[in-house]
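Contents: one structure, followed by commentary.
The values are calculated or read from the model by the stated rules, or taken from the named source; none is laboratory data. These figures come from a predicted structure and were not determined experimentally. We place every Cβ from the backbone using ideal geometry, glycine too, and count neighbours over all the protein chains shown. These area figures cover heavy atoms from the full protein model, side chains too; ligands, DNA and RNA do not enter into them. Shrake-Rupley method; radii C 1.70, N 1.55, O 1.52, S 1.80 Å.
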Amino acid sequence: MKYATLNNGIQMPMLGFGVYQLEDSAECISTIKLALAAGYRSIDTASIYRNEVPVGKALKESGIPRADIFLTTKVWNDAQKAGNEMAALDKSLAALDTEYVDLYLIHWPCKGHYQDSWLNMERIYKSGKARAVGVSNFHTHHLDDIKKTWSVVPAVNQFEMHPRLAQQPLIAYCKAQGIVPQSWGPLGGSKSGDFREGLLQNETLTTIAAKYNKTTAQIILRWNIELGVIAIPKSTNPTRIRENIDIFDFELTQDEVLAISALNKDERLGPDPDSYPFQ
Ligand code: NAD
């Protein structure tokens, strides 16, 4: 495992496990336990995923000390609009059955609210209930807006990123500000099978994968690591769960990294944070 050092000195695993759409309690618990057994030590959930209770149970049942796990959750838009971020976090902590999270993120920027929301996230950080705070789905202009009043720089920005949406300018911006970039949907997401299939069968990726005797999913995840981007792939398949973390025994060349980034088509899987319908 490689680690990113966040801007407050905290170490965060470069590869974590996403649990979006793992809503069935028993499946969520058994899948997370599989992931932990495979070596994952970072779990990415959100209040809107409605699985914080089973996530907490899985962590307890695993027997792994809480301090050895990096736990992320996110504040949903309703709490952001009401300015209730602290109460929302308390609810998440109770559901997760833990006294703190390692990272608390604003899930999406709600127009007219995310600036104040960031100030509340700073209060949360100072309360110690989150070891780090950050944002998700923020474009550079959202970051520019909160920068006007921030006294705590977001530790992480989590956004959609995969070879068809390589996000080079946003990654560069984040790094220049000391914000660690994190990708969601790195393998093409869990909703659209066609999108994912097209991505994973791309010829540039299959050629590189053959060279290293790896799968194209592993090549994409390693591309994230080479770019300094934290990835949090999700799977319920035991073989793929193990496959996705088995990316630390090889390195891509700079040319290969550039070739994968060049697959960019600015093609989104999810909604644009400027115009998403659920804000
Ligand atoms: P993903 O790119 O991780 O894709 C997951 C899907 O890819 C799986 O359902 C599976 O069908 C397939 N897959 C997984 N491993 C594979 C492999 N080795 N080979 C072939 N197919 C494989 O997409 P995701 O789950 O949408 O994103 C990952 C995580 O990011 C989520 O679980 C969640 O934690 C987070 N997320 C955050 C946001 C946000 O708004 N901040 C949005 C979406 C997801």
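Residue-by-condition table, conditions (1) surrounded by 15 or more Cβ atoms within 10 Å (Cβ to Cβ); (2) farther than 19 Å from Ile247 by Cα; (3) basic (Lys, Arg):
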site	(1), (2), (3)
Lys175	no, yes, yes
Val180	yes, yes, no
Ser183	yes, no, no
Pro186	yes, no, no
Thr207	no, no, no
Seminar exercise, completed: Only one of (1) open to solvent by 50 Å² or more (accessible area, probe 1.4 Å); (2) out of contact with any Phe, Trp or Tyr (no Cβ under 7 Å at 6 or more places or on another chain) does not apply to Ser190, and that is (2)
Exercise. Which numbered condition trips up Thr98, out of (1) within 15 Å of the chain's Cα centre (by Cα); (2) farther than 21 Å from Asn7 by Cβ?
Worked result: (1)
Seminar exercise, completed: Within the stretch 48-79, the residues that are among the polar types (S, T, N, Q) and open to solvent by 20 Å² or more (accessible area, probe 1.4 Å) are Ser62
Seminar exercise, completed: Scanning the stretch 101-118 for residues that are of a type outside the set (Val, Ile, Thr) and under 16 Å from the mean Cα position of the chain (by Cα) gives Asp102, Leu103, Tyr104, Leu105, His107, Trp108, Pro109
For this session: May I ask you to list the residues in the stretch 184-205 that are without any contact (Cβ under 8 Å) to a residue 24 or more places away in the chain and part of a helix (DSSP H, G or I)?
Result: Gly193, Asp194, Arg196, Glu197, Gly198, Leu200, Glu203
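Where in the stretch 3-117 are the strands (runs of 3 or more DSSP E), entirely inside, with at least 1 residues that are within 25 Å of Lys147 (Cα to Cα), hydrophobic (A, V, I, L, M, F, W, C) and modelled with pLDDT of 95 or more?
The strands (runs of 3 or more DSSP E) meeting that bar are 3-5, 11-13, 70-75, 103-106.
Scan the stretch 251-259 and give yes if some residue there is more than 21 Å from Pro13 (Cβ to Cβ), in contact (Cβ under 8 Å) with a residue 40 or more places away in the chain and either over 16 Å from the mean Cα position of the chain (by Cα) or surrounded by fewer than 18 Cβ atoms within 10 Å (Cβ to Cβ) (or both), otherwise no.
yes
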Exercise. In the stretch 22-36, how many are in contact with a Lys or Arg (Cβ under 9 Å, 6 or more places away or on another chain), open to solvent by 50 Å² or more (accessible area, probe 1.4 Å) and under 24 Å from Tyr100 (Cβ atoms)?
Worked result: 1
Exercise. Tally time: how many residues in the stretch 205-237 are touching a helix residue (DSSP H, G or I) at 6+ places or on another chain (Cβ under 8 Å), over 20 Å from Ser190 (Cα atoms) and not basic (Lys, Arg)?
Worked result: 7
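Output yes when any residue across the stretch 80-102 is surrounded by fewer than 21 Cβ atoms within 10 Å (Cβ to Cβ) and in contact (Cβ under 8 Å) with a residue 60 or more places away in the chain, and no when none is. Even if it seems obvious, please write down each step before you answer.
The first filter runs over the stretch 80-102 and keeps only residues surrounded by fewer than 21 Cβ atoms within 10 Å (Cβ to Cβ), leaving 81-84, 86-87, 90-91, 93-95, 97-100.
If we keep only those that are in contact (Cβ under 8 Å) with a residue 60 or more places away in the chain too, we end up with none.
Within the stretch 80-102, not a single residue is surrounded by fewer than 21 Cβ atoms within 10 Å (Cβ to Cβ) and in contact (Cβ under 8 Å) with a residue 60 or more places away in the chain.
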For this session: State yes or no: is Asp266 more than 15 Å from the ligand (Cβ to nearest atom), under 19 Å from Pro169 (Cβ atoms) and at pLDDT 95 or above?
Result: yes
Exercise. Exactly one of (1) among the polar types (S, T, N, Q); (2) open to solvent by 60 Å² or more (accessible area, probe 1.4 Å); (3) within 8 Å of the ligand (Cβ to nearest atom) is unmet by Gln201. Its number?
Worked result: (3)
Seminar exercise, completed: Gly134 meets each of (1) within 11 Å of the ligand (Cβ to nearest atom); (2) modelled with pLDDT of 95 or more; (3) small (Gly, Ala, Ser); (4) assigned to a loop (DSSP other than H, G, I, E, B) with one exception, condition (4)
